[in-house]
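The values are calculated or read from the model by the stated rules, or taken from the named source; none is laboratory data. Fair warning: this is a prediction, and the values are worked out from it, not measured in the lab. Because the Cβ atoms are built from the backbone with ideal geometry, glycine has one as well, and the counts that use them run over all protein chains shown. The accessibility values were calculated without ligands, DNA or RNA, using every heavy atom of the protein model including side chains. Shrake-Rupley method; radii C 1.70, N 1.55, O 1.52, S 1.80 Å.
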Amino acid sequence: MKSSTAAFFDELGRRGHEPLLERVRATVRFDIGDGSSVDHRVLHLDRGDVRVTSEDGEVTADCVVIVGEDLFEEIVGGRTGAMAAFLRGALIVEGDPEVLVLVQRLFPGHPRGTAQPARVTSAEAADLGEADRASADIAGREASGTGAAPP
């Protein structure tokens with residue numbers, strides 16, 4: 001596990017209590033791998049109380065996040081978002097994805113978090129640009145009364 005990833009989980013464990021998660025009771029297992037090995041970190045959330053453990057083997061969790069080591073570095077570095085990565089198919093969520101939505105508040109760059117604003121990668125910007133252009137095209141056709149997108 002890379003040092004910034006380890007530092008992220010160490011800092012989470014030291015927090016003890018996170019007001020942003022006071023309504024959450026869940027367990028999240030992060031399976032972080034580089035192809036040859038997988039590190040497991042389990043985040044136990046109990047109404048804002050946060051505990052992080054390192055457990056090998058199968059741990060029952062409400063949500064399991066399976067992610068590559070480099071991508072997780074991007075997430076904990078605030079350079080990409082966990083949900084954006086999930087929606088791109090770059091990380092896998094088993095179980096309840098809503099838990100990831102709640103837990104992403106802990107990652108740097110989240111608007112309700114405490115770190116700097118997230119930066120958008122050039123690939124994400126290109127994806128967003130395509131989506132914005134498509135939305136604008138549809139909105140323009142609807143406003144002009146021409147209907148749905150052309151075949």
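Residue check: is Phe107 more than 16 Å from Val42 (Cβ to Cβ), of a type outside the set (Val, Ile, Thr) and open to solvent by less than 50 Å² (accessible area, probe 1.4 Å)?
Against the criterion (more than 16 Å from Val42 (Cβ to Cβ), of a type outside the set (Val, Ile, Thr) and open to solvent by less than 50 Å² (accessible area, probe 1.4 Å)), Phe107 qualifies.
May I ask you to verify whether Val50 is of a type outside the set (Gly, Ala, Ser) and open to solvent by 30 Å² or more (accessible area, probe 1.4 Å)?
Judged against the criteria, Val50 is not a match.
Between a first residue in the range 15-26 that is assigned to a helix (DSSP H, G or I) and a second residue that is open to solvent by 70 Å² or more (accessible area, probe 1.4 Å), which pairs have beta carbons less than 8 Å apart while being 6 or more apart in sequence or on different chains?
Leu20/Arg112; Leu21/Arg47
Only one of Val59, Val120, Val67 is modelled with pLDDT of 90 or more, outside any helix (DSSP H, G or I), closer than 23 Å to Lys2 by Cα and of a type in the set (A, V, I, L, M, F, W, C); which? First the steps, then the outcome.
Details: Val59 fails: modelled with pLDDT of 90 or more; Val120 fails: modelled with pLDDT of 90 or more.
When all the criteria are applied, what remains is Val67.
For residues in the range 5-46 being of a type in the set (Gly, Ala, Ser) and within 16 Å of the chain's Cα centre (by Cα), which is nearest to Gly95 (Cα to Cα)? Working first, answer last.
Quick first cut of the range 5-46, residues of a type in the set (Gly, Ala, Ser) only: 6-7, 13, 16, 26, 33, 35-37.
Of the ones still in play, those that are also within 16 Å of the chain's Cα centre (by Cα) are 26, 33.
Details: Ala26: 11, Gly33: 19 Å.
Checking each candidate, the answer is Ala26.
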